[in-house]
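Quick note: the coordinates plus some simple rules give every number you see, no bench work behind them. Treat the numbers as computed from the prediction; the structure is a model and nothing was measured. No Cβ is skipped: glycine too gets one built from the backbone with ideal geometry, and neighbour counts run over all protein chains shown.
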Amino acid sequence: MTDLTNLGVKAIRDGVAAGDFTAREVAESFNANVAAAAALNAFIVTTPEHALAAADAVDAKRAAGEELGAMAGVPIGMKDLFATRGVQTSAASAILEGFKPEYESTVSQKLWDAGAGMLGKLNLDQFAMGSSNETSHFGNVANPWKANDGGNAVLAPGGSSGGSSAAVAARLAPAATGTDTGGSIRQPAAFTGISGIKPTYGRCSRWGIVAFASSLDQAGPMARSVEDCAVMLGAMAGFDPKDSTSLDAPVPDWAGALSADLRGKKVGIPKEYRMDGTDAEILASWDDGIAWLKDAGAEVVDVSLPHTKYALPAYYIVAPAEASSNLARYDGVRYGLRDLPEGAGLQDMYAATRAAGFGPEVKRRIMLGTYVLSAGFYDAYYTQAMKVRTLIQRDFNEAFEKCDVILAPTTPTAAFPLGDKLDDPLAMYLNDVFSVPASLAGLPAMSVPSRLNAKGLPLGLQLVGKAMDEQMVLNAGLAIEQRAGFDAAPGKWW
Amino acid sequence: MKLTLGAANAAFMSVTREQVAKIASLARIKVDEGDLDHFVPEFNAILGFVEQLGEVDTSSVEPMTAVIPQKLRLRDDVIDADPLTGGGKQAEVLANAPVAEHGFFGVPKVIE
């Protein structure tokens, strides 16, 4: 029998439905890969029993001739930012270590309802704040890829969904959930040679997802093919009355309507993304993407997004501001860690708890957010950033009058070694320069692998679509996937 | 660099050690001298970076309020309309509390 762990979401679902193998066999295969990959540190908690129980339920439904869901028999990894009933939900922080929610997030519930099972809770940057998965309280995640330069450096899997990207690339899971605030699905997907899509803001319910920056946070799937992303996104998306920003709109059949025929479509190339000093291989990969989309029938046009350079500074005001508000809830009273020094009062307890429970990057962002929201500075920082955000969205709106989808690199570089940027927060932030603008504008955006660079590391191409037009993003992604022929996998060293 | 924001431009100046300590206090995060040693320069590097927003002419721009325009919904004014988020969940609400006593969250004494 073929190794089931090489199969993707749709192949597993269809194979289970056809009786080629059982859901239990699939779950057991992935559970074994997860158990053997401790060196990657992709999981914070493993839940093999959850995966098996879900698989058995699917096998029983099939035996009974009942209808199977869109994810039936597919075991997945769940980013540890989604509340899962009775299973530790830590956001990779000390302050939530041991927290076992009494409720299930909407997105995870929808996936279980569609027949998926959970292999475990995936590691991430603490509270999703980071681009290398080095801010986790539970240790770094290792990128399964290594450079072919003879060195043995362990590379960052990207962040914040670094456990998700590593697990999917290493065949520990056929797919995983991610969340994207400024690039946290796309950047790790690019660093590990997989695909991932952040849908339009509001497509996936935020209910039960540990909040980082509420006006930006959006869940999405990460998988090894565009079609798998489309299938899983369909299972995750949908209106939820429990999220006040949830979009009350029907969920299209993205997977069913997938088409790589781009005749009559226009692809915009934003000139501002061609920044000085961009890696030559990234630019060459971008040129490949342009040629592939032309080959698929699209017309390529130049577009301008004049405020691109201001996206990152605006993001680093807006996101910390929202984080400082969202993370005020961690006070040692209602859940999570409490640090009560001898004889301390309530205020001292708050300060001690938060000092002990948050890592340095989280503290940095909370304090930055507190500063930019404080009296006297609010207008200069926060209001100005939100005005710039309006301009960034306007740029996209104007560009989309000339094109249907925008093509750009996902990241300015390939994966970098762990530790490389840890001492320089600003250098780390710059890694998100290409992904942040679409987040600020709430637009659907996807990364698909394009090629390996000279060091043998994957590079990603990014597609950004109009609001609500995930289909165009997925279709263009499929056109690239078919032409890139990216079938490289990391050599197993873990 | 030319700034166009008027009086609050002072905000774009660097922050002092005392200011960072004050921010930490506002954020209810206990910091020690060692923390301040790295937070202060990091803060100033980040503030120096975001300073470039001051270049952008936003005099005729409204700040964004919703990234995807939509009407804010109100739920029906019914008790327990959604049983999951309605009342009657005392045990579940307290289940993860570090200290829960007599059906309440326990905190250090706040009134002498």
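Less than 5 angstrom separates the built amide H of A:ALA175 from those of A:GLY77, all sequence-distant by 5 or more or on a different chain. Share of pairwise Cα-Cα distances greater than 23 Å in segment A:77-187 is 26 percent (whole percent).
Take the convex hull of the alpha carbons in segment B:68-111; its mean projected area over all directions comes to 6.2 nm².
Residues in segment A:157-162 carry Karplus couplings, in order, of x, x, x, 8, 7, x Hz; the curve used is 6.51 cos²θ - 1.76 cosθ + 1.60 with θ = phi - 60°, and Gly or Pro positions show x.
Between A:ARG394 and B:ASP80, the simple label model (points 7 Å from Cα in the Cβ direction) yields a spacing of 5.1 nm. Taking a 31 Å limit on the Cα-Cα distance, which of the listed pairs A:LYS242/A:LYS492; A:LYS421/A:LYS455; A:LYS61/A:LYS100; A:LYS265/A:LYS309 fall beyond it? With Cα atoms farther than 31 Å apart: A:LYS242/A:LYS492.
Applying both filters, DSSP loop and at most 12 other Cβ atoms within 10 Å, to the GluC sites (Glu not before Pro) of segment A:6-83 gives A:GLU66, A:GLU67. Between B:ASN44 and A:ALA328, what is the FRET efficiency for a Förster distance of 35 Å, r being their Cβ-Cβ separation, to the nearest 0.05? After rounding, the FRET efficiency stands at 0.90.
In the protein assembly as shown, a dipole from Cβ-located charges (positive for Lys and Arg, negative for Asp and Glu) runs towards its positive end, and of A:VAL87, A:ALA319, A:VAL34 it is A:ALA319 whose Cα lies farthest in that direction.
What's the whole-number percent of alpha carbon pairs in chain B lying beyond 21 angstrom? Of the Cα pairs, 69 percent sit more than 21 Å apart. List the lysines whose Cα sits under 24 Å from the Cα of B:LYS30, skipping any in the same chain fewer than 8 residues away. Output for B:LYS30: A:LYS363, B:LYS22, B:LYS109. Each residue of segment A:355-370 was assigned a 3J(HN,Hα) from its phi angle through the Karplus curve 6.51 cos²θ - 1.76 cosθ + 1.60 (θ = phi - 60°); the sequence is 5, 7, x, 9, x, x, 5, 5, 4, 4, 6, 4, 5, 4, x, 4 Hz, with glycine and proline shown as x. All C-alpha to C-alpha distances of the protein assembly as shown, sorted into 20 Å bins beginning at zero, yield P(r) values of 21, 56, 22, 1 percent in whole numbers.
Mean per-residue shielding of peptide A:372-385 is 5, counting Cβ atoms of other chains within 10 Å of each Cβ. Per residue of A:292-302, other chain Cβ atoms within 10 Å of the residue Cβ number 0 on average. Applied to segment A:192-205, the Karplus parametrisation 6.51 cos²θ - 1.76 cosθ + 1.60 on θ = phi - 60° returns per-residue 3J(HN,Hα) values of 10, x, 10, 10, x, 10, 9, x, 3, 3, x, 5, 9, 4 Hz, with x for Gly and Pro. Taking every DSSP bridge with both residues inside the protein assembly as shown, close to 70 percent are antiparallel. Can you compute log10 of I(q)/I(0) for segment A:1-101 with the Debye formula, treating each Cα as one identical point scatterer, at q = 0.14, 0.16, 0.18, 0.22 Å⁻¹? Reported log10 I(q)/I(0), two decimals: -0.59, -0.74, -0.88, -1.13. Counting only Cβ charges, +1 for Lys and Arg and -1 for Asp and Glu, the dipole size of chain A around its Cα centre is about 380 debye. Taking every residue in B:44-55 and counting other chain Cβ atoms within 10 Å of its Cβ, the average works out to 6.
The GluC sites (Glu not before Pro) of segment A:348-421 that DSSP puts in a loop, and whose beta carbon has at most 10 other beta carbons within 10 Å, are A:GLU401. Other residues lying with their Cβ under 9 Å from the Cβ of A:GLY456 contribute a combined charge of +1, Lys and Arg counting +1, Asp and Glu -1. Database remark: amide H of A:GLU299 closer than 5 angstrom to the amide H of A:GLY264, A:LYS265, A:LYS266, A:VAL267 (H placed geometrically; neighbours at sequence offset of 5 or more, or on other chains; Pro and chain starts carry no H). A Förster distance of 22 Å, applied to the separation of the beta-carbon atoms of A:ASP424 and B:GLN52, puts the FRET efficiency at 0.75. Within straight-line reach of A:LYS198, meaning a Cα separation under 20 Å, sit the following lysines at least 8 residues removed in sequence or on another chain: A:LYS10, A:LYS79, A:LYS110, A:LYS121, A:LYS466.
Straightening the chain between B:LYS89 and B:LYS22 buys 20.3 nm, computed as 0.36 nm per residue apart minus the Cα-Cα spacing.
Loop-resident trypsin sites (Lys or Arg not before Pro) (DSSP state other than H, G, I, E or B) in segment B:71-100 with no more than 12 further Cβ atoms inside 10 Å of their Cβ: B:LYS71, B:ARG73, B:ARG75. When exposed loop sites are taken as trypsin sites (Lys or Arg not before Pro) in a DSSP loop with at most 13 other Cβ atoms within 10 Å, the longest stretch of chain A clear of them is A:1-262.
With the helix formula -39500 (n - 2.57) applied to DSSP H stretches of n ≥ 4, chain A reaches a computed 222 nm mean residue ellipticity of -10500 deg cm²/dmol. A cut-off of 5 Å between modelled amide H atoms, ignoring neighbours fewer than 5 places along the same chain, links A:SER450 with A:LEU459, A:GLY460, A:LEU461.
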